[in-house]
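J.: I have a structure I would like to understand better, so I am pasting it below and will then ask my questions one at a time.
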Amino acid sequence: WRLTLDEILEYGNQTSDGHIHYSGIDRATSTPYIIQELKKLSVSSRNNGKVTIIAHSNGGLVAKALLKRLQDTNDPLLEKIDVVIFVSVPQMGTPNALGAVLHGYDQGIPKNWAPLFLSPQVAREFSYNDPMAHHLLPSASYFNGEGAAIQTPLATFNDGAATQMFINRYGATIDNSTELKDFLLGREGRPLAITDNLNEPTVLRAGLLSYGETVHQSLDAWMPPSHITVHEIAGWGEDTMAGIIYDNDRKCIARTAWICTQYKDTLRYKPDLVVDGDGTVVAPSALAMSTSTEQVKRWWINLRDYNRENVTESGFLGREHAGILEVPQLRFFLKNLITTNNAILLPKYISTTIPSSISTARLRFFLHSPLALSATDITGHEISAATSTIPGARYKRFGEVQYISVPASAAPTLHLDGYAEGSFTLEVQEVQGNTVTATTTFLGIPNATTTTA
């Protein structure tokens, strides 16, 4: 994950101590580790030396780069590969990576609300020098790819004092690759963001941005040779970042008792969410390759229904991008593709067409503040940073922004509990599928450590 695709293909030396070295003097080898493993798989194959490659997420870009290199060098190993399965692969990049590099979005480890090992602030600084973060960014093909029509702008700037400099340069939206590159490089004039201020988008490095562009110029147009079948599998039904919305916020910077006497205009952001994805990768990018040839097949896995129908006593499983291979029906489907290379009998949640649109309304809450956000439904079940017992509900945190999504039928009661003095902004959306049907905002309200709402 910290290497360029070329480094993975060219290096990887397994030494006598069992370690695999990709850097330093120990990385040199005449046969890179990934090639060694491919040869071993072919030798041990029970199918006349044939190999199936299953690739998840960034692994799909590694696999594409490997296959293209084998093609370009006329390597006989290419003939040993007969099936390639891409599971939630951001083939044209994904807007989630845009949020990660600009704002540290969704990067806390183990959780965004409990970043014990990696904070979003550190993750954003790391991505400044991380090649992988740059080849996961939306590519030029993202705007006209084969997967499906992408209608959500990668960035939207709503009117306000803090957003005006972006509007002056890009207009109200960023919806082409030229504007995206200029925005990532900060050509409207913004500086490198201060480490702790995740609301301000940082600026990327031109060299690594060019590296990401070069990767996609090579891989986005790749098509498999005639003897390889490719299966593209996209997750669907989970709220997934399709862009970033920037608004003008009002921070209370001086007050007397409970009366704010002075406000400051600041920038705030939130993810522009769609259900056409697995929580990290939008479906059109996972299904980017053209199906104009019989060699390429498309599949959807309905995570919305799986997550609603699989609830344990401790809460629902909530499988998203990282845990998509934990869905038993998907593993059964993959096994069937490996052993028979056909998909006549589809298990539950797997389909050849996009699942039916969500007909029931959802409520989304975005809280920008030093308060803890939670909600309970009419039966007393809860969604919060630590608890998830409302079927179909989600809690996420990115920087100081907290987000809850819950089915409207749950009739939720929202809870806000102060833990530091400041001011808060609460945005509420009613959503039907991918369409926001109603919205309201409570802007710049002073709060104390004792505030409850």
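J.: On full extension of the chain, what length is gained from Thr73 through Phe126, given 0.36 nm per residue of separation minus the C-alpha to C-alpha distance? Before the final figure, lay out each step's value.
T.: On the way: separation 53, 0.36 × 53 = 19.08 nm, distance 3.41 nm.
Separation in residues times 0.36 nm, less the Cα-Cα distance, equals 15.7 nm.
J.: Still on this structure, please answer the following. For the pair Glu37 and Ala386, how long in nm is the line joining their label points, each one 7 Å along Cα→Cβ?
T.: 3.9 nm
J.: Something else about it: For the peptides 127-138, 213-224, 81-92, what is the packing order when you average, over each peptide's residues, the other Cβ atoms within 10 Å and list the highest mean first? Show your work: numbers first, answer last.
T.: Working: 127-138: 21.8, 213-224: 17.0, 81-92: 24.5.
Highest mean packing first, the order is 81-92, 127-138, 213-224.
J.: Let me ask something else about it. In nm, give the distance between the simple-model label positions of Thr435 and Ser16, each being 7 Å from the Cα along the Cα-to-Cβ direction.
T.: Result for the modelled spin labels: 6.9 nm.
J.: Largest first and in whole Å, what are the equivalent-ellipsoid semi-axes of region 189-232 based on the Cα gyration tensor, each being the root of 5 times an eigenvalue?
T.: Numbers: eigenvalues 281, 36, 8 Å².
Value: 37, 13, 6 Å, ordered largest first.
J.: Just going by the charge dipole of the chain, with Lys and Arg at +1 and Asp and Glu at -1 on Cβ, which of Val436, Asn58, Ser384 is farthest out on the positive end?
T.: Asn58
J.: Shifting gears a bit: Pull out the extension gain between Asp265 and Thr413, defined as 0.36 nm times the separation in residues minus the alpha carbon to alpha carbon distance; nm, one decimal.
T.: Gain on extension, Asp265 to Thr413, equals 50.3 nm.
J.: Now a separate question. Specify whether the C-alpha gyration tensor of region 270-425 places it in the rounded, prolate or oblate class, a ≥ b ≥ c being the square roots of the eigenvalues: rounded for a/c under 1.5, otherwise prolate if a/b is larger than b/c and oblate if not.
T.: Values: a/c = 2.67, a/b = 2.01, b/c = 1.33.
Verdict is prolate for region 270-425.
J.: Roughly how far apart, in whole Å, are the Cα centres of region 140-216 and region 225-289?
T.: Centre-to-centre (Cα) distance: 13 Å.
J.: Let me ask another. Compute the distance from the alpha-carbon center of region 3-56 to that of region 104-124, in whole Å.
T.: Measuring centre to centre over Cα atoms gives 30 Å.
J.: Given the pairs Lys68/Lys297; Lys68/Lys335; Lys64/Lys270, which are separated by over 27 angstrom at their Cα positions? Don't skip to the end; give the middle numbers.
T.: Working: Lys68/Lys297 19 Å; Lys68/Lys335 25 Å; Lys64/Lys270 32 Å.
Flagged as over cut-off: Lys64/Lys270.
J.: Let me ask you something else. Using a cut-off of 17 Å between alpha-carbon atoms, which aspartates and glutamates can reach Lys39, once sequence neighbours fewer than 8 places away in the same chain are excluded?
T.: Here the aspartates and glutamates satisfying the reach criterion relative to Lys39 are Glu10, Asp75, Glu79, Asp82.
J.: Classify region 1-107 from the C-alpha gyration tensor, please: rounded if a/c falls under 1.5, else prolate or oblate depending on whether a/b exceeds b/c.
T.: On the way: a/c = 2.16, a/b = 1.31, b/c = 1.64.
It comes out oblate by the Cα gyration axes.
J.: Just from its helices, what would the mean residue ellipticity at 222 nm be for the chain, if runs of 4 or more DSSP H residues each count -39500 (n - 2.57) and the sum is divided by every residue, rounded to the nearest 500 deg cm²/dmol?
T.: Here the helix-only value at 222 nm equals -6500 deg cm²/dmol.
J.: Over region 101-145, one equal point on each Cα, no solvent: what is log10 I(q)/I(0) by the Debye formula at q = 0.21, 0.23, 0.27, 0.28 Å⁻¹?
T.: -0.69, -0.76, -0.90, -0.93
J.: Continuing with the same structure: Taking the Cβ of Arg319 as the center, what net charge do the other residues with Cβ under 10 Å away carry, scoring Lys and Arg +1 and Asp and Glu -1?
T.: Details: positive: none; negative: Glu238, Asp278, Glu320, Glu326.
Net of charged neighbours comes to -4.
J.: Can you give me the relative contact order of region 99-206 as a percent, contacts being Cα pairs under 8 Å and 6 or more apart? Present the calculation step by step, with values, prior to reporting the outcome.
T.: Details: 123 pairs, mean separation 27.3, N = 108.
The normalised contact order for region 99-206 reaches 25 percent.
J.: Set the Förster radius R0 to 25 Å, insert the Cβ-Cβ distance between Ser210 and Arg190 as r into 1/(1 + (r/R0)^6), and round the FRET efficiency to 0.05. Present the calculation step by step, with values, prior to reporting the outcome.
T.: Working: r = 20 Å, r/R0 = 0.81.
Efficiency computed from Cβ-Cβ geometry: 0.80.
J.: Determine, from the Cβ-Cβ distance of Gln217 and Thr293 and an R0 of 30 Å, the FRET efficiency 1/(1 + (r/R0)^6), rounded to the nearest 0.05.
T.: Working: r = 21 Å, r/R0 = 0.72.
Taking R0 as 30 Å, the efficiency between Gln217 and Thr293 is 0.90.
J.: Measure off 7 Å from each Cα along the Cα-to-Cβ vector at Val428 and Ile378, then give the distance between these two points in nanometres to one decimal.
T.: Label at Val428, label at Ile378, 1.7 nm between them.
J.: Moving to a separate point now. Going from the alpha-carbon gyration tensor of the chain, what semi-axes, largest first and in whole Å, does one get by taking the root of 5 times each eigenvalue?
T.: Details: eigenvalues 321, 136, 81 Å².
Those come to 40, 26, 20 Å.
Computed from the coordinates by the stated procedures, all read-outs in this text should not be read as laboratory data. Computed from a predicted structure; not experimentally measured. For neighbour counting, all protein chains shown are included, and Cβ atoms are generated from backbone atoms with ideal geometry for every residue, glycine included.
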